[in-house]
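Worksheet: one structure, shown below.
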Amino acid sequence: MRNERDTRTLEADRARRGPRTRVALAVASTIALTVVPQSALSAPAPAQAADPTATAAQVQWTTRTVAPGVQIRTGTIQHPDAKPAWTVAIHAPAVNRLTGARTFAPLGTHAWAEDTARRLRDAGLEPRLEQVGWPAYADTPRGTMGWRVRVGTYATSDEAQRTTPKVTALGLQPAVEWTGYDVEQPADRESVHVAVIDPAAFTGTVEATHNGNVADRETTSSVAAKTGSLIGVNGGFFITSDTDGVQGTMAGIGAYDGELQSMAAGSRAALILADGGRRARIADLTTTVTARSGSAAYAVQGINRVPGKVRNCGRPGATPTELPRQDLTCAKADDLVKFTAAFRADLPTGPGVQVVLDADHRVVSVGRRGGEVPSGGSVLQGVGSAADWLTAQGRPGERIAVQETVRDTAGRQVALGPDDSIVSAAPTLVEDGRIAIDAATEGMLDPQDLSFGYAWSNGRQPRTMAGLDKGGRLFLVTVDGRRPGVSEGFTLAEGAEFMRSLGAERALNLDGGGSSAMAVAGELVNAPSDAAGERPVGDTVQVLPARAGR
């Protein structure tokens, strides 16, 4: 075992050389050589010199064509030099920046790390200090992110767990961790699936879908089988708990068959599949929705969600933040929400007012919240001042029009036609052919609060990603993760490096973790990380064969 000083020196040297890892570079440099000619998939230039003692990654790829213009590539990437192990980490005391609640973070200050190491040594343990640098995000600081303290190297998690009582007895916060999720060392094994859809040769469509009911969850492979798709992947972030809203509803912008079914959580990356995917693009999108009755107007801040609850935040008037904040459910005291006919579940109940509208947007009834959305109609629910507005304007027979606008960051309106769909998550990974990860801006992490988003962004996780190259080819990618010795996943930085290696000019991260799934011909082809198997999700992206009459 290296002594503490040797470990700190090594980690400091790594931080000076930058946060990129050998795994991203190995993945990037081997794809082009093993899958298709260099002209089809270009490898990125290495960001740093490779370790001359490292053994090259062992890569195996298989490619098959599932339809003209549609290929699926399956790869296994292994690093013989990787020696991951289980260890016991000590998390640093922290305070949630938004709520003020006491919590813990994977990293702390150097002073905290030194003091913690001293306490561990006094108890007969052998700690090591590891300096961790910031990845090359576009909107975070450079240099040292923080310091972590770890104890021991163990063959199994159970063996590591037996050390935790000694740490707890010191009043410290232990956590058993797999070092293979660290960006500072190459992953021992990665399992990757890449779907390539060429609109110049493919005669079918690529569509985001919630399969007819935005208030439902269904597995990616089940939707793929029902729709007869060639390839399907999971889509955007969605509600997974009744505490946060209606399960299955989206926590970000979603549009299907030309209809907006959920609103953006601030300005976040989205995959726009216009004209059945024939004109696809990736852009950060915002949404503005307004209800109007005569000269009176009120801002609608949600579509198909529980009034007062804003998952992932990002809406005006939300507390504790109006900015995007991943997996945080913000509150909104004055909230007007629209429900569409695609919301095929019981409407939320509770305080406030509800107005039922017919297909011509005329008021059918005004009353308490609840019931169902009428076929062909819609419902407006309001709480706080929004309820007062509905009471004043919701006269039977009167018209309440709802205007919806989607715009990109350049201010251009995104018009939705019947063959258009949108799926959204976060963050942006590649922009104009360069790595451009705006993880802080899109609310995936907080440079001022390392208790938030660290593991999801900076650790290896299962990922689903989408990208477009200069020729308009669409890449749909999954990497399995959270499976030590089987597949560990990508960090956000590794995912961006991988997408750029494919030749992506623009790319974004979709929902990941246990949601990551890819189906081919209706059959699941990857290995999702949830112990229960494939996770039922919200929306999905499906590559559909051409059908007569379409």
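The values are calculated or read from the model by the stated rules, or taken from the named source; none is laboratory data. Model, not experiment: these values are computed from the prediction. Every residue, glycine among them, receives a Cβ derived from its backbone with ideal geometry; neighbour counts consider all protein chains shown. Only protein heavy atoms, including side chains, enter the accessible area calculation; ligands, DNA and RNA are left aside. Shrake-Rupley method; radii C 1.70, N 1.55, O 1.52, S 1.80 Å.
Here the condition is being over 20 Å from Arg460 (Cα atoms), touching an Asp or Glu at 6+ places or on another chain (Cβ under 7 Å) and surrounded by 13 or more Cβ atoms within 10 Å (Cβ to Cβ); of Leu170, Leu120, Leu129, it holds for Leu129 alone. Taking segment 521-538 as the region of interest, how many residues are in a loop (DSSP other than H, G, I, E, B) and in contact with an Asp or Glu (Cβ under 9 Å, 6 or more places away or on another chain)? Of the residues in segment 521-538, 6 are in a loop (DSSP other than H, G, I, E, B) and in contact with an Asp or Glu (Cβ under 9 Å, 6 or more places away or on another chain). In this structure, Ala215 does not satisfy being among the small types (Gly, Ala, Ser) and touching a helix residue (DSSP H, G or I) at 6+ places or on another chain (Cβ under 9 Å). Pick from segment 357-371 the residues that are open to solvent by less than 20 Å² (accessible area, probe 1.4 Å) and of a type in the set (A, V, I, L, M): which of them is farthest from the chain's Cα centre (by Cα)? Among them, the one singled out is Val363.
Taking the listed residues Leu502, Leu474, Leu510, the one that is more than 26 Å from Glu218 (Cβ to Cβ), in contact (Cβ under 8 Å) with a residue 12 or more places away in the chain, surrounded by 24 or more Cβ atoms within 10 Å (Cβ to Cβ) and of a type outside the set (Ser, Thr, Tyr) is Leu502, with no other qualifying.
Against the condition of a type in the set (Gly, Ala, Ser) and under 23 Å from Met465 (Cα atoms), how does Ser157 come out, does it pass? No, not satisfied.
Checking each residue in segment 293-310 for being part of a strand (DSSP E or B) and either crowded, with 24+ Cβ neighbours inside 10 Å or touching a Gly at 6+ places or on another chain (Cβ under 6 Å) (or both) picks out Gly302, Ile303, Lys309, Val310. Out of all the residues in segment 376-413, which are crowded, with 21+ Cβ neighbours inside 10 Å and farther than 13 Å from Val366 by Cα? The answer is Val383, Ala386, Val406. The residues on offer are Asp139, Asp158, and the sole one that is surrounded by fewer than 22 Cβ atoms within 10 Å (Cβ to Cβ), at pLDDT 95 or above and more than 30 Å from the chain's Cα centre (by Cα) is Asp158. The requirement of being open to solvent by less than 60 Å² (accessible area, probe 1.4 Å), in contact with a helix residue (DSSP H, G or I) (Cβ under 8 Å, 6 or more places away or on another chain) and more than 19 Å from Gly254 (Cβ to Cβ) is fulfilled nowhere in segment 311-319; no residue meets it. Only residues that are in a loop (DSSP other than H, G, I, E, B) and open to solvent by less than 30 Å² (accessible area, probe 1.4 Å) were counted across segment 185-212, and they come to 5. Entry remark, segment 74-97: residues being farther than 23 Å from Asp480 by Cβ and either open to solvent by 50 Å² or more (accessible area, probe 1.4 Å) or modelled with pLDDT under 95 (or both) number 3 in total. Within the option set Pro141, Pro135, being in a loop (DSSP other than H, G, I, E, B) and either of a type in the set (Lys, Arg) or under 25 Å from Arg483 (Cα atoms) (or both) holds for one residue only, Pro135.
Quick check: anything in segment 513-520 open to solvent by less than 10 Å² (accessible area, probe 1.4 Å), in a loop (DSSP other than H, G, I, E, B) and either among the polar types (S, T, N, Q) or touching a Cys at 6+ places or on another chain (Cβ under 6 Å) (or both)? Within segment 513-520 (the criterion being open to solvent by less than 10 Å² (accessible area, probe 1.4 Å), in a loop (DSSP other than H, G, I, E, B) and either among the polar types (S, T, N, Q) or touching a Cys at 6+ places or on another chain (Cβ under 6 Å) (or both)), the answer is yes, since at least one residue qualifies.
Meeting the requirement of 2 or more residues that are closer than 23 Å to Ala251 by Cα, touching a residue at least 24 places away in the same chain (Cβ under 8 Å) and among the acidic types (Asp, Glu), the strands (runs of 3 or more DSSP E) wholly within segment 376-437 are 401-408.
Within segment 342-371, the set of residues being in a loop (DSSP other than H, G, I, E, B), among the aliphatic types (A, V, I, L, M) and touching a Gly at 6+ places or on another chain (Cβ under 6 Å) comprises Leu347, Ala359. Scanning segment 324-334 for residues that are surrounded by 20 or more Cβ atoms within 10 Å (Cβ to Cβ) and assigned to a loop (DSSP other than H, G, I, E, B) yields a single hit, Lys332. Restrict the check to segment 106-123 and report whether at least one residue is out of contact with any Pro (no Cβ under 7 Å at 6 or more places or on another chain) and aromatic (Phe, Trp, Tyr). Yes, segment 106-123 contains at least one residue that is out of contact with any Pro (no Cβ under 7 Å at 6 or more places or on another chain) and aromatic (Phe, Trp, Tyr). Criterion first (on the phi > 0 side of the Ramachandran plot and in contact (Cβ under 8 Å) with a residue 12 or more places away in the chain) does Gly317 satisfy it? Answer is yes for this residue.
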